[in-house]
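Accompanying notes for the structure given below.
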Amino acid sequence: MKNSFTAILVSLACLSAGCAPDLGLRISPPDVPSLQEEKKVLTESKPLAGVKVKVAPFLDGRGSDALAIIDGRSVPSDGAVGASVQAGFERQIREAGGRIAVLQASTIEGEVADWQAKIKPSFPMSEVVANAKVKITVRGPRSEVLYRGTYGGEARKQDPFLGERDVQTALGDAMARAISAAVSDEVMAQQLLGATQKR
């Protein structure tokens, strides 16, 4: 009886360990995707139609360089998070009808305030919850501040065989939602459009 109970505990421990994602010492910032639901809204409504804007490199303003936390262990980012976010922002601006410019345009400056995934290994399902937050400043032709805003997004996934790719997908989806909230912000769009029309 005692032996069978021990065998059951060992089996459960092995199953639980099998559900734990195998993350290395570092994790690369993912490409920020265009989520289908957000992309559909942006491409149908074109909230930035007629807007010409430059997206400056995003600063990394996170309190920690950990891109993921699993079982209390921090997994730092292996690469520049700002570059991934900038590329994602430019992609969504284009999908929303805007044009990316280098000269003679309003500028969007940004800071990555939060971007992290927390992984909870468990049996029978492990879960990852990713959060993202960006702070945006829109500057006009004379570098005057036209608008400031903060936008956030969240994504989660459960899977019995959660892996590093799932963690990166959740991170990318969370940031895509934060960017979508910014790009679809009517007040920010009006400021950008107004500055474009004055040129």
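Each reported figure results from applying straightforward, stated rules to the coordinates on display, with no laboratory input. Predicted model only: the values in this text are computed from it and were never measured. Counting neighbours? That spans all protein chains shown, and the Cβs are built from the backbone with ideal geometry, glycine included.
Odds and ends about this structure:
- What you get for the chain, charging only the Cβ of Lys and Arg (+1) and of Asp and Glu (-1), is a dipole of about 560 debye around the Cα centre.
- If you plug the beta carbon distance of Leu59 and Arg165 into 1/(1 + (r/R0)^6) with R0 = 30 Å, you get a FRET efficiency near 0.65.
- Selected from Ser180, Val138, Gly88, residue furthest toward positive end of dipole (the chain; charges at beta carbon): Val138
- Loop-resident sites, region 98-144, for GluC sites (Glu not before Pro), counting at most 11 other Cβ within 10 Å (DSSP): Glu144
- Kirkwood hydrodynamic radius over Cα pairs of the chain, then Stokes diffusion coefficient at 20 °C and 1.002 mPa s, in µm²/s: 118
- Its residue count N sets the reference 2.2 N^0.38 Å, and the alpha-carbon radius of gyration of region 137-177 equals 1.87 times that reference.
- If you wrap the tightest convex hull around every Cα atom of region 69-113 and split its volume per residue, you get 100 Å³.
- Taking label positions 7 Å along the Cα-Cβ direction at both Val102 and Arg142, the computed distance is 2.7 nm, reported to one decimal.
- Working from Cα pairs under 8 Å separated by at least six residues, relative contact order for the chain is 26 percent.
- Relative to the longest principal axis of the Cα atoms of the chain, the long axis of helix 186-197 makes an angle of roughly 40 degrees.
- Residue-averaged [θ]222 nm for the chain, counting only DSSP H segments that reach four residues, each worth -39500 (n - 2.57): -12500 deg cm²/dmol
- Whole-angstrom gap from region 170-199 to region 43-65, using each part's C-alpha centre: 6
- Cross-link reach list, lysines versus Lys133, counting only Cα pairs under 17 Å and skipping chain neighbours closer than eight places: Lys118
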